[in-house]
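This report concerns only the one structure given below.
Readers should treat all values here as calculations from the given coordinates under stated rules, not as data from a laboratory. Everything numeric in this text was worked out from a predicted model, so none of it was measured. Using ideal geometry, Cβ is built from the backbone for each residue, glycine included, and neighbour counts are taken over all protein chains shown.
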Amino acid sequence: MKRNGLDAQEDSTYSNDLTAKRVRELWSKTYNSLGKPDWAHIFPYYHPDIVFQDSIQKIEGIDNFKKMCSRLTKRCQKLEMDIQDIVKNENVIMMDWKMTMSFRKSPSTPIYGSTRLTLNKDGRIIEQRDYYDLWGDIFNGIPVFRSLYRWFMIRFFG
């Protein structure tokens with residue numbers, strides 16, 4: 001049986017039983033305080049037809065997903081993720097997290113969000129949807145922009 005071009009025997013990291021505990025373990029190895037993130041160990045858990053979406057982009061297919069992860073790795077000096085809560089219900093895993101990103105010429109920025117992972121019948125992730133307020137969290141760290149952004153959001157959306 002082939003999966004992403006690998007024989008199941010070659011792909012020893014893959015398991016079709018993604019539990020909340022297992023996702024926490026895997027994602028904790030991805031983002032670290034020692035430097036750049038590495039997603040290589042979680043790619044086998046993604047279906048070849050993965051659809052990833054967040055507030056910035058929509059990515060379809062495992063190759064495009066890997067390219068997106070590579071771009072993020074190149075941009076960030078450091079990326080950490082603290083999974084605060086995680087739960088699995090049937091074929092959906094939800095997690096709340098705090099991600100701290102460090103770019104070349106800016107201070108570390110915490111971003112708070114949630115991720116919904118939808119599992120395919122074979123147990124691999126077929127859809128990942130990340131929810132977060134990128135600009136709100138970034139502007140919270142900049143005194144002038146913080147109050148302007150919050151005023152704008154309340155005035156026009158709240």
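The table for this structure:
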| quantity | calculated |
| --- | --- |
| Zone of D133's modelled label, taken as backbone nitrogen in the stretch 50-76 under 12 Å from a point 7 Å along Cα→Cβ | none |
| Distance in nm between pseudo-label sites at F145 and L72 (7 Å out along the Cβ direction from Cα) | 2.0 |
| Qualifying trypsin sites (Lys or Arg not before Pro) for the stretch 90-139 [loop in DSSP, other Cβ within 10 Å: at most 13] | R104, K105, K121 |
| Full-stretch length increase - R22, M153 - with 0.36 nm per residue and alpha-carbon distance subtracted | 43.4 nm |
